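Report on the structure given below.
The values are calculated or read from the model by the stated rules, or taken from the named source; none is laboratory data. Predicted, not measured: the structure shown is a model, and the values here were computed from it. All Cβ positions, even for glycine, are placed from backbone atoms using ideal geometry, and neighbour counts span all protein chains on display. These accessible areas exclude ligands, DNA and RNA; they are computed on the full protein's heavy atoms, side chains included. Shrake-Rupley method; radii C 1.70, N 1.55, O 1.52, S 1.80 Å.
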Amino acid sequence: MADATTGSDAVLRLKPGREKSLRHRHPWVFSGAVEAVQGDPAPGGTVALVAADGTLLARAAYSPSSQIRARVWSFDPRIAIDADFFRQRIARAVAARAAMLDDRNSGCRLVHAESDGLPGVIADRYGDVVVVQLSSAGAERWRDAIVDALAAVPGVRCVFERSDADVRALEGLEPRIGVARGDLPAPVAFLEDGLAYRADVVAGQKTGFYLDQRDNRRALRSFAAGREMLNVFCYTGGFTLAALAGGAARVTSLDSSGAALAEARENIAANPALDGTRAEWLEADAFATLRKFRDAARSFDLIVVDPPKFAPTAAHAERAARAYKDVNLWALKLLRPGGLLATFSCSHGIDAEFFRKIVAGAALDAGADAAVIGRFGPSADHPVALAFPEGDYLKGLLIRKAT
Ligand code: SAH
């Protein structure tokens, strides 16, 4: 046993039968699956995961205060978990994105947690800045190694830490925001499909920008020409700029965050090739505003609906379903015949088929004869490991309304 567990501080022994998900390469061990912990692992320390029959299965990070008691670093139990391990995993993730960064694109997610073999680690690149978010005890334990490896990526001048996700509390971790390496430029600027954007990495949502929607903004740009568009939940104007670049006639964008809208205006201004007079910005509640638009007989021939996470977990699904239905119902009412609706959900608690049913219900109640003509998912830099379906959160539908 001593030999087999070299490199781990301790051993986490599973209950009989509970090794099955690990054999399928699912990276989480829930507290209920744990028979015993031998040794005295510190939070985030490495444990050897051992089946009831003594088989050594994986090396994992120990999270004593979370229901997810251990997260696998490696399914090869011979591999040591050290700074070199993190250098290699990060290099592998960065290499997989090489083709996504070019002279028109300098924004990209470099590390996408479990699906890149690094649970609790997210890293987004905006030009020469990398924003890292650590959300598990294991990621926190290896913070220095992770930050060093990101700082060593060619062209990176600053690593900024945004470890302020709510889930840190479940791991017993305090939030941490600040420069980890180098110096932070102001503003943080990057390109997406040739369009200039800024990311508020210090106080913006997520790490400052919704990189997961890049491929979908690209798609929207391809069918925006000549259309009058409504961008609901626009944040800093990602879909708005893409539509204007694609030749949209006019775009009305709304969000409840004044800070996001101020950034959106800066984004338009940073692109002299875009006609900012075609953009109308409204700081308002989406639910109330769509109803007001209906009362005012306003209509559009392209609508994007990209709400915040109404259902972070399945427990919120029912209430969230009502909110998704409501906003899609009113969007479909505002859509002209022949118009397109690009509608999204980033809720973990609502899967693609449930979302399709919600939108179908909205169409029925709106009296719209509508069909799905396309489906959306996260951009290619947000992989979903086949063994980790929990990573699949962003889904979207492109709907065409006939009448
Ligand atoms: N489509 C955006 C991301 C949207 S994130 C992009 O591509 O960048 C969701 C947005 O919804 C956030 O900007 C948040 O401020 C906004 N929001 C949340 N609740 C809202 C409400 N009730 N009305 C309007 N906007 C809201």
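Here, the stretch 103-161 has an Rg and a Dmax of 11.1, 37 Å when only alpha carbons are counted. Kirkwood radius for the stretch 11-74, taken over all pairs of different Cα atoms as the inverse mean of 1/r, rounds to 11.2 Å. Computed 3J(HN,Hα) for the stretch 12-19, one whole-Hz value per residue from the Karplus formula 6.51 cos²θ - 1.76 cosθ + 1.60 where θ = phi - 60°, is 10, 9, 8, 5, x, x, 7, 7, glycine and proline marked x.
Using the Cα centre as the reference, give the magnitude of the dipole from point charges on the C-beta atoms of the stretch 210-401 (Lys, Arg: +1; Asp, Glu: -1; all else neutral), rounded to the nearest 20 debye. If you can, show how the numbers build up before the last one.
Numbers: 24 positive and 22 negative charges, 117 e Å.
The calculated dipole for the stretch 210-401 is roughly 560 debye.
Hull volume per residue, based on the alpha-carbon atoms of the chain and their convex hull, is 133 Å³. Over the chain, DSSP H runs of length four or greater, each weighted -39,500 (n - 2.57), average out per residue to a 222 nm ellipticity of -8000 deg cm²/dmol. Taking all protein chains into account, the per residue accessible area for the chain stands at 42 Å² (1.4 Å probe).
Note on the stretch 11-74: with neighbouring protein chains present and a 1.4 Å probe, carbon and sulfur make up 50 percent of its accessible heavy-atom surface.
Roughly speaking, what is the stretch gain from V37 to D183, that is 0.36 nm per residue apart minus the C-alpha to C-alpha distance, in nm to one decimal? Please report the intermediate quantities before stating the final value.
Numbers: separation 146, 0.36 × 146 = 52.56 nm, distance 4.21 nm.
Here the answer is 48.4 nm.
In the stretch 67-205, the inverse of the mean reciprocal separation of distinct Cα atoms equals 15.4 Å; this is its Kirkwood hydrodynamic radius. Extent of the stretch 286-343 along its three principal axes (Cα atoms, max minus min coordinate, largest first): 36, 21, 14 Å. Counting only lysines at least 8 places from K357 when in the same chain, those with an alpha carbon closer than 25 Å to its own are K309, K325, K333, K395, K401.
Would you be so kind as to identify which of A51, S74, L14 lies farthest towards the positive end of the dipole of the stretch 11-74, taking Lys and Arg as +1 and Asp and Glu as -1 on Cβ and the Cα centre as origin? Looking along the dipole axis, the top candidate is S74.
A full extension of the chain between A352 and T313 corresponds to an added length of 12.6 nm, given 0.36 nm per residue minus the alpha carbon distance.
Seen against the Cα atoms of the chain and their longest principal axis, helix 317-334 is set at about 20 degrees.
Since only A151, I177, G349 are under comparison, the one whose Cα sits farthest along the positive direction of the charge dipole of the chain, derived from C-beta charges on Lys, Arg, Asp and Glu, is G349.
Taking the Cα centre of the chain as the origin, how large is its charge dipole in debye, to the nearest 20, when only Lys and Arg (+1) and Asp and Glu (-1) carry charge on their Cβ atoms? Mind showing how you got there, number by number?
Working: 50 positive and 49 negative charges, 215 e Å.
Around 1040 debye, computed over the chain.
The Cβ shell under 10 Å around A151 holds other residues with a net charge of +1, Lys and Arg each +1, Asp and Glu each -1. Here the stretch 83-189 has 52 percent of its accessible surface on carbon and sulfur atoms, given a 1.4 Å probe and all protein chains in place. For the pair the stretch 257-304 / the stretch 159-185, the C-alpha centres are spaced 31 Å from each other.
Any chance you could give the angle, 0 to 90 degrees and rounded to 10, that helix 286-295 forms with the longest Cα principal axis of the chain? Value to nearest ten degrees: 20. By the Cα gyration tensor, the stretch 24-115 has an equivalent ellipsoid whose semi-axes, rounded to whole angstrom, run 31, 14, 12 from largest to smallest. Helix 83-96 and the longest principal axis of the Cα set of the chain meet at an angle near 30°. In this label model, K20 and D392 are separated by 2.0 nm, measuring between points 7 Å along each Cα→Cβ vector.
Counting protein heavy atoms only, the stretch 210-401 has 53 percent of its accessible area on carbon and sulfur, 1.4 angstrom probe. In whole angstrom, the stretch 182-337 maps to an equivalent ellipsoid with semi-axes of 25, 21, 14, each derived as √(5λ) from the alpha carbon gyration tensor and ordered largest first.
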